[in-house]
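*Asks:* Before I ask anything, let me first share the structure, which is written out below as structure tokens.
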Amino acid sequence: DQYIDCTSGVERLVTCQNHLVFDDKTGDCEHPDAANRPGCTAEELYGFTCPNSIGQARYAADSDCRAFFTCGVFTNYHPRLGGCPVNSVFNPGSQACDQPENVPGCEKYYDSP
């Protein structure tokens, strides 16, 4: 997502970073769950839908051991993509970042090919 910013008469092309999208309402880059723009909703971008439950929870992303989705009232129950720091992976059991050897299927995540 890109948009043109004009400050003091100077145009500048801005590219949204870190999986953010342009929000027509705020005129800035936002999380997809906040922008909720047709064609760029969190569900469309990530292929994940939050379960219909009360409360807040995190769910592992199928495609990447470091990635997870947070679902809660602050995201209006749309998924928000998050990630664990380097050298850790998401542990669905503890709902926190953990050492790869503690997460089945992610033990060799950082091993060189």
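The values are calculated or read from the model by the stated rules, or taken from the named source; none is laboratory data. The structure presented is a predicted model; accordingly, all values stated were derived computationally and were not measured. Here Cβ is always computed from backbone atoms with ideal geometry, including for glycine, and neighbour counts include all displayed protein chains. Remember, those area values only see protein heavy atoms, side chains included, never the ligands or the DNA or RNA. Shrake-Rupley method; radii C 1.70, N 1.55, O 1.52, S 1.80 Å.
*Asks:* Rolling a 1.4 Å sphere over the protein heavy atoms, what is the accessible area per residue of the chain, to the nearest Å²?
*Replies:* Averaged over the residues of the chain, the accessible area is 64 Å².
*Asks:* Between Asp64 and Asn18, what length comes free when the chain is fully extended (0.36 nm per residue of separation minus the Cα-Cα distance, one decimal in nm)?
*Replies:* Once the chain is fully extended between Asp64 and Asn18, it gains 15.0 nm.
*Asks:* Next up: Taking amide H positions as placed 1.01 Å from N in the peptide plane, with prolines and chain starts having none, which residues 5 or more places from His78, or on another chain, fall under 5 Å of its amide H?
*Replies:* Gly72
*Asks:* For Asn91, enumerate residues with amide H under 5 Å from its amide H, sequence gap 5+ or separate chain, H modeled in the peptide plane.
*Replies:* HN-HN under 5 Å from Asn91: Ala96, Cys97, Asp98.
*Asks:* Hey, in the chain, which Cys have no second cysteine's beta-carbon closer than 4.7 Å?
*Replies:* Cys6, Cys40 - these cysteines have no disulfide-compatible partner (Cβ-Cβ under 4.7 Å) in the chain.
*Asks:* Still on this structure, I have one more. Using modelled amide H (1.01 Å from N, peptide plane; none on Pro or chain starts), what sits under 5 Å from the amide H of Thr49, excluding residues fewer than 5 places away?
*Replies:* Correct list: empty.
*Asks:* How high is the FRET efficiency between Thr26 and Ile4 when r is their beta carbon distance and R₀ equals 22 Å, given to the nearest 0.05?
*Replies:* Calculated transfer efficiency: 0.90.
*Asks:* Could I get the Rg over Rh figure for the chain? Both from C-alpha atoms, Rh via Kirkwood, rounded to two places.
*Replies:* 1.07
*Asks:* A further question follows. Just want to confirm a number: the relative contact order over the chain, from Cα pairs under 8 angstrom separated by 6+ residues, in percent.
*Replies:* Working: 174 pairs, mean separation 16.1, N = 113.
Answer for the chain is 14 percent.
*Asks:* Using mean Cβ contacts within 10 Å as the protection proxy, how do 96-104, 76-84 order, highest first? Present the calculation step by step, with values, prior to reporting the outcome.
*Replies:* Working: 96-104: 14.4, 76-84: 18.6.
Going from most to least packed, we get 76-84, 96-104.
*Asks:* Give a residue-ordered list of calculated ³J(HN,Hα) values for region 57-63 (Karplus: 6.51 cos²θ - 1.76 cosθ + 1.60, θ = phi - 60°; whole Hz; x for Gly, Pro).
*Replies:* 8, 10, 10, 5, 7, 5, 8
*Asks:* Can you check what the net charge comes to around Arg58, using other residues whose Cβ is under 15 Å from the Cβ of Arg58 (Lys, Arg +1; Asp, Glu -1)?
*Replies:* Around Arg58, the charge tally is -2.
*Asks:* Here's a follow-up. 222 nm [θ] for the chain, helices only, -39500 (n - 2.57) per DSSP H run of 4+, per residue, to 500?
*Replies:* -1500 deg cm²/dmol
*Asks:* Using θ = phi - 60° and the Karplus form 6.51 cos²θ - 1.76 cosθ + 1.60, what ³J(HN,Hα) does each residue of region 28-41 get, whole Hz, x for Gly and Pro?
*Replies:* With the stated coefficients, region 28-41 comes to 9, 7, 9, 4, x, 5, 7, 6, 6, 8, x, x, 10, 5 Hz.
*Asks:* Another question about this same structure. GNM, the chain, Cα, under 10 Å: largest mean-square fluctuation among Thr70, Thr41, Thr26?
*Replies:* Result: Thr26 has the largest fluctuation of those listed.
*Asks:* Here is a further query. Compute, for the chain, the length of the dipole vector about the Cα centre, with Cβ point charges of +1 (Lys, Arg) and -1 (Asp, Glu) only. Units Debye, rounded to 20.
*Replies:* Its charge dipole is roughly 180 debye.
*Asks:* Now for a different question. Through the Karplus equation 6.51 cos²θ - 1.76 cosθ + 1.60, θ set to phi - 60°, convert the phi angles of region 89-97 into ³J(HN,Hα) values in whole Hz; use x for Gly and Pro.
*Replies:* 9, 7, 10, x, x, 9, 6, 8, 6
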